[in-house]
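S.K.: Submitted below is the structure of interest, expressed as structure tokens.
Every number here is computed from the coordinates shown, using simple stated rules; none is lab data. In this text the structure is predicted, and so the values were computed from the model without any measurement. Cβ placement follows ideal geometry from the backbone for every residue including glycine, while neighbour counts extend to all protein chains displayed.
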Amino acid sequence: LIFGYKQRGEAAIKAHNVFYYLTYEGAVDLSKITNPSERLATISQIYHFGQTPQQLFKKPQRLAITPSPQKSNNNIDWKHLQSFPLFEKHSENPIHRMQIINTKLISLGPKKLFIPPDNNRYFSWDTFDFSLRILSFEGNSKCESIFENLHDGLIRAVGVSENGQIVVSGGEDTLVLVWELSKTKSKASGYQLRLKQTFYGHTKPITEVFVSQAYSLIVSGSQDQTCIIWDLNRLKFVKQLPKHDSVISKIIVNPLSGDIVTCSGVWLYLWSVNGEPIASVDTTNVFAKENITSVLFIETIKTQNQIIITGHQYGSIHVWKVNFGNKTKNNIDNSCYCLDLIASFKSHTSLVSSLLYDEYYNRIFSGDEGGSCFIWSNQDEKENNTHSLIGKYF
């Protein structure tokens, strides 16, 4: 009644929710009233009747579905996590992204990315025409918009802001492009992209981009073994991180602290929001050579620590804790922080390509190149009817 679709129109009339017309936002443009007396009279009426709030929703909103089990308030016992197969070889499609949408686990394949904040659409750039597409989960992946010739050659990586309005693309042409995404006035046209900035700095094709709206930064990685931090608001260069050991494979930013994680081959690096080195570890000192293929940041009130989870080339999953006061030879610039291994698991038989943290139930989802998905939890997931979670693959 106040902010929703029943504030105006036929729905408001049926709900007996109708007020004087001048109380509604946009009912009159005072700047266009040239007669001073008429303008003063209109302002007086607005002051007298008051104003209705801005209408936020013009369509009915679906009720949020609250999961039946109670929310877990316990910390994760990392050393005693159990794995439960959610599905194995799900159509033999590799799982590269996962999101829980309306109590269902939705999976995306390679070169696809969920579009926040609703996550009911996704980007796809795995096409022969080098285009970027927006598709809807409704129906059978309905294509809503196609954007061509964004780069000179293949699109290699795409990132998006938390509100879904800023899109960053990295290409084979070594460029990082910042776009503004908006809906067009015509429903048939879907969406439009407006180029805001072109970043130059890498010398080889882009491999990863990550957008952090909370900390107003973009981080890009390339085959030239470098990572560059860019300012999202000013659209300017900020800093280039020291050269990594090999090609940049993964980048992620902690939404709470702004700390940056970059992965390169077997190396895991942790940087501050300003690009200052915090800690690093060569994972081959603990395990056989197994490149990092996925990464997840966890820092909540529950965990009370920065936890980094890495998925690896041959199916291993490792849990790292950021600790203070233990210098190691792996640490960059002799930092006083280190990355301590606190747990390791292996249920996958192929490359771990996706990781997801479910804060509500305190559990981890992991997906692999073979199409298998596992849940890692301290609870008995068999009692939680987890098979009802299985959603669609796109």
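S.K.: When you count, for each residue, the other Cβ atoms within 10 Å and take the mean per peptide, how do 337-346, 34-43 rank with the highest first?
M.R.: My ranking of the peptides, most packed first, is 337-346, 34-43.
S.K.: Apply the a/c threshold of 1.5 to the C-alpha gyration tensor of the stretch 20-62 and tell me whether it is rounded, prolate or oblate.
M.R.: It is prolate, given that a/c is not under 1.5 and a/b is the larger ratio.
S.K.: Applying 1/(1 + (r/R0)^6) with R0 = 22 Å to the Cβ-Cβ distance of Lys183 and Asn102, what FRET efficiency is obtained, to the nearest 0.05?
M.R.: The calculated FRET efficiency here is 0.50.
S.K.: Rounded to the nearest 500, what is the chain's calculated 222 nm mean residue ellipticity when only DSSP H runs of at least 4 contribute -39500 (n - 2.57) each, over all residues?
M.R.: So the helix-based figure for the chain works out to -1500 deg cm²/dmol.
S.K.: Does the stretch 141-184 come out rounded, prolate or oblate by the C-alpha gyration tensor, with a ≥ b ≥ c the root eigenvalues, rounded set by a/c under 1.5 and, if not, prolate when a/b is larger than b/c and oblate if not?
M.R.: oblate
S.K.: Also, I was wondering about something else. Packing-wise, with mean Cβ within 10 Å as the measure, how do 123-129, 204-210, 289-295 rank, highest first?
M.R.: Listed from highest to lowest mean packing, they are 204-210, 289-295, 123-129.
S.K.: Note the count of lysine pairs whose C-alpha atoms are less than 21 angstrom apart in the stretch 191-298, limited to pairs 8 or more residues apart or on different chains.
M.R.: Lysine pairs satisfying the spacing and distance rule in the stretch 191-298 number 9.
S.K.: A follow-up question, please. Give me P(r) over the chain, computed from all C-alpha to C-alpha distances, binned every 10 Å, as integer percentages.
M.R.: 4, 19, 27, 23, 14, 8, 4, 1, 0
S.K.: Also: Would you mind counting up the charge near Thr127? Only other residues with Cβ under 9 Å from its Cβ, with Lys and Arg at +1 and Asp and Glu at -1.
M.R.: Here the charged neighbours net out to 0.
S.K.: Report, in debye and to the nearest 20, how large the dipole of the chain comes out about its Cα centre when Lys and Arg carry +1 and Asp and Glu carry -1 on their Cβ.
M.R.: Dipole size: approximately 940 debye.
S.K.: Can I ask one more? Specify the angular offset, from 0 to 90 degrees and rounded to the nearest 10, of the alpha carbon long axis of helix 36-49 from the longest principal axis of the alpha carbons in the chain.
M.R.: 60 degrees
S.K.: Normalised by the residues of the chain, what does the relative contact order come to in percent, with Cα pairs under 8 Å and at least six apart?
M.R.: 15 percent
S.K.: Okay, next question. Residues with beta-carbon under 12 Å from that of Lys112, excluding Lys112: net charge, scoring Lys, Arg +1 and Asp, Glu -1?
M.R.: Summing Lys/Arg as +1 and Asp/Glu as -1 gives +3.
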